[in-house]
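Accompanying notes for the structure given below.
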């Protein structure tokens, strides 16, 4: 997982829906080579997640980026991923933590309230994810997700990750609240200048926010 000793908010990438893993590899390789990325959450349907993970995990790991598979510990294990991102409920989170810790990363999502966050936090995941993986349907970060992430970061040790908007500038919102990680999907993969340019620009925004806060 991302190095939480870093003094600034760091970037996580979420794969798009319905991709061909082999065809996507060059885009991912270019994006991860263009700037600091802490982790990659690999999504996909039950029919294609295995092949997607097998194609993308080695690319992420070659760039020292933690590769996390959505909700499936078996596929994560078979693809030699660094861990799982669990948003399918507390029971699945508990199972993943029992199976994977301390050797692998387990992140937790589907947190809608402060009460949810505190209950999930009792499982001691590696991070809490605020928002939905497909929740980047607006330019800015969904306000409730950002408020929850900012509150969690101000109160607890377990890092927070928040889903960004569909514009790169949304990472500045996360950085301004001291949230540890911000996730991007469409803002990266649909960027008119390409994913590599998008990752570079997102990092420049995060660097600038860190300098301003210093």
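What follows is calculated from the coordinates using simple rules that are stated; it is not laboratory data. Everything numeric in this text was worked out from a predicted model, so none of it was measured. Cβ sites come from the backbone with ideal geometry, for glycine too, and all protein chains shown count toward neighbours.
Observations
- Note on residue 114 and residue 140: the extension gain reaches 7.2 nm, defined as 0.36 nm multiplied by sequence separation minus the Cα-Cα distance.
- Over the chain, Cα pairs under 8 Å with separation of 6+ residues give a relative contact order of 21 percent.
- Shown for 189, 152: other C-beta atoms within 10 Å of each C-beta, ranked fewest to most, produce the order 189, 152.
- The ranking of 153, 193 from fewest to most other beta carbons within 10 Å of each one's beta carbon is 193, 153.
- Among 178, 103, 134, the largest mean-square fluctuation in a Gaussian network model of the chain, built with springs joining Cα atoms closer than 10 Å, belongs to 103.
- GNM on the chain, alpha-carbon springs under 10 angstrom: the most fluctuating residue among 68, 184, 56 is 56.
- One chain, two ends: residue 132 and residue 25. Fully extended at 0.36 nm per residue, the span grows by 36.1 nm beyond their Cα-Cα distance.
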